[in-house]
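For reference, the structure discussed in these notes is given below.
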Amino acid sequence: MNRIAVVPGSFDPVTLGHIDVIGRAANIFDELHVLVVHNPDKSALLPIAQRVSLIEQSIAEANLPKNIRVTSWSVGLLVDYCTEVGANVIVKGIRSQIDVAYETPMAIVNRNLAGVETVFLLPSPANAHVSSSLVRQVASLGGDVAPYVPKAVAAFLQQG
Ligand code: PNS
């Protein structure tokens, strides 16, 4: 049986915390889809295509397993994508109880909608404080984001 999982998110931009969780998930599942999804509740910094490109560069930089595919989805429910590619698991990284509270309703809705289960993975404690919103704020004010993001992302944000 080919075990296919999806790691969805805004990835605006991808952080070392995301790469940590993506790498752990890639070691558990046969095929892993990293899916950039527009979140209407958040105002975006980067266009979707740019986020996809930065994730691809970051995965190469971290030398993650070759069973990872990066793509985007903007036409419907996350579970519609899962059904389309034959994935029955969604993977989310959990940093704190706040993440558990945020993720739990989505996990239950996704299970009710299509029987897709959500698996929560813990990042390394070194990445537990890293978030895309923090990176966006530090970058917008001219601070150094290098400790929190892959080199490709730091280079991209510094040039912009
Ligand atoms: O990185 P984020 O912004 O926390 O990711 C949230 C995201 C994009 C995964 C979530 O908003 C989502 O799944 N959106 C797709 C729309 C959908 O399926 N909604 C219903 C179930 S939550």
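Quick note: the coordinates plus some simple rules give every number you see, no bench work behind them. Since the model is a prediction, treat every value here as computed from it, not as a measurement. Note that we place each Cβ from the backbone using ideal geometry, even for glycine, and neighbour counts take in every protein chain shown.
Structural remarks
- All aspartates and glutamates inside 19 Å of LYS42 as judged from Cα atoms, apart from same-chain residues fewer than 8 positions distant: ASP12, ASP99, GLU103
- The alpha-carbon atoms of region 1-89 define a convex hull whose volume equals 89 cubic angstrom per residue.
- Taking ILE22, ILE108, ILE59 in turn, the Gaussian network model of the chain (Cα-Cα springs below 10 Å) assigns the largest fluctuation to ILE108.
- Summing charges over all other residues whose Cβ lies under 10 Å from the Cβ of ARG136, with Lys and Arg as +1 and Asp and Glu as -1, gives 0.
- One Cα centroid belongs to region 90-141, the other to region 33-76; the line between them spans 15 Å.
- Taking the DSSP bridge list for the chain and keeping only pairs wholly inside it, about 0 percent are antiparallel.
- Difference of contour (0.36 nm per residue) and Cα-Cα distance, ALA49 to SER133: 28.4 nm
- You can think of it this way: the chain between ILE108 and ASN63 has 12.9 nm of extra reach, that is 0.36 nm per residue less the Cα-Cα gap.
- Taking the chain as a Gaussian network of alpha-carbon nodes connected by springs under 10 Å, the highest mean-square fluctuation of the residues GLN137, GLN50, GLN97 belongs to GLN97.
- Inter-label distance, nm, simple model (7 Å from Cα along the C-beta direction), VAL119/HIS38: 3.1 nm
- Shown for region 4-159 is the translational diffusion coefficient from the Stokes-Einstein equation, using the Kirkwood radius over Cα pairs, a temperature of 20 °C and a viscosity of 1.002 mPa s: 136 µm²/s.
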